[in-house]
Amino acid sequence: METDKIVWRKANRSTSTGGECVELATLSNGLTAIRDSKNPSGPKLLLERNEFAALVTALKR
């Protein structure tokens, strides 16, 4: 996956000093990419829209 053209975002409440955040990006093919902000060149988790929705629902419980 070519990541230099992807716009990554993290929660507004995240601070630049913590460095322990997940970052999300919506890819042109509709997938959501998730990465660790401490290791931006590391592995990415790619989820389809329904998978991402299920993850968010599970995390809210």
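Panel order for R35, R13, by other beta carbons found within 10 Å of each beta carbon, from fewest to most: R13, R35.
Rounded to the nearest angstrom and listed largest first, the equivalent-ellipsoid semi-axes of the chain from its Cα gyration tensor are 18, 17, 9.
Helical content alone sets the calculated 222 nm signal of the chain at -6000 deg cm²/dmol, taking -39,500 (n - 2.57) per DSSP H segment of four or more residues and averaging over every residue.
A short reminder: the numbers here are calculations on the coordinates, not readings from a lab. Keep in mind the model is a prediction, meaning the values are calculated, not measured. Cβ coordinates were reconstructed from backbone atoms using ideal geometry, including for glycine residues, and neighbour counts include every protein chain displayed.
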